[in-house]
Amino acid sequence: MLAGLARDISQQVLRTDVAGMPLEWIDYREAVRLYHAEQVAYDCGTRLYSVFGGYSSIDGRRSRIDVNSIIATHGTSKSLSRNRDEYTPPLNNRTLFKRDANLCLYCGMRYMTRDLTRDHITPVSQGGMDAWNNVATACRRCNNYKGGRTPEQAAMELIAVPFTPNYAEYIYLKGRRVLADQMKYLLAHIPRSSPLHARLSGHLANGEEIVEVHFHD
Ligand SMILES: [Zn+2]
């Protein structure tokens, strides 16, 4: 049974390893399971909600687990920490569009997710890769106009340089709703030179908790 605090139960929890490296988003069930299994080394961020279990037959008291927005857990994936620097996140449209803030990188206009497409900057037909640094968010109109041409061939210009997100950036991009404390936490793992660093700092400065959620289906 759940006791609703300020947050709704759908709010995801940011899971990190014991060293504090961000690992993934988990839902309240997984968070409760980790607390219950004593896998949570420490927690930080803010209290999200409390989950109540059954009454104890010994003292009649009810078990209660308080779930925080960020939890550090034991037993992490060693392969991930070892390969973190070379990690290349999988490419999908949801995270790609979020990388580009739902802007068409050709006309600079912001669109709803359903009106956006994945453009291959160097077209696949000309040997371009389906990889983060060769793809851009594009509206249908710009993508149609560009067709099978490179931006140079089509005399079009990109308004931003496409980049491959690092691990922390990818976690941010995957988050459905990222709270200010979670954003701040992830920001510490994002290079200052990254365009996302500036964007997230801006969101935090404006006191925004919920990011771009209304652009997603
Ligand atoms: Zn466009």
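The values are calculated or read from the model by the stated rules, or taken from the named source; none is laboratory data. From a predicted model like this one, the values you see are computed outputs, not experimental measurements. A quick note on method: Cβ atoms are made from the backbone with ideal geometry, for glycine too, and the neighbour counts reach across all protein chains shown.
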Fill in: Close pairs from region 40-61: first surrounded by 13 or more Cβ atoms within 10 Å (Cβ to Cβ), partner modelled with pLDDT under 85 and not in a strand (DSSP E or B), Cβ under 6 Å, at least 6 apart
Leu48/Arg7; Tyr49/Leu5; Tyr49/Arg7
Practice prompt. State the number of residues belonging to region 84-123 that are more than 14 Å from the ligand (Cβ to nearest atom), more than 15 Å from Asn144 (Cα to Cα) and either among the aliphatic types (A, V, I, L, M) or in a strand (DSSP E or B) (or both).
Written response: 2
Worksheet entry | Qualifying residues in region 7-39 (those that are assigned to a loop (DSSP other than H, G, I, E, B) and under 17 Å from the mean Cα position of the chain (by Cα)) - the one surrounded by the most Cβ atoms within 10 Å (Cβ to Cβ) | Gln12
Discussion item. Checking Ile58 against (1) at pLDDT below 90; (2) within 30 Å of Thr117 (Cα to Cα), only one condition comes out false. Which one?
Written reply: (2)
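Looking at region 126-142, can you tell me whether even one residue there is within 16 Å of the ligand (Cβ to nearest atom) and closer than 21 Å to Leu187 by Cα?
no
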Worksheet entry | Residue in region 148-169 that is among the basic types (Lys, Arg) and within 17 Å of the chain's Cα centre (by Cα) present | no
Practice prompt. State all residues of region 150-201 that are among the charged types (D, E, K, R) and not in a loop (DSSP other than H, G, I, E, B); if no residue qualifies, say none.
Written response: Glu152, Glu169, Lys174, Asp181, Lys184, Arg199
Discussion item. Regarding region 150-160, can at least one residue be identified that is closer than 27 Å to Tyr87 by Cα and crowded, with 18+ Cβ neighbours inside 10 Å?
Written reply: no
Worksheet entry | Residue that is in contact with a helix residue (DSSP H, G or I) (Cβ under 7 Å, 6 or more places away or on another chain) and closer than 24 Å to Tyr172 by Cβ, where the choices are Thr122, Thr95 | Thr95
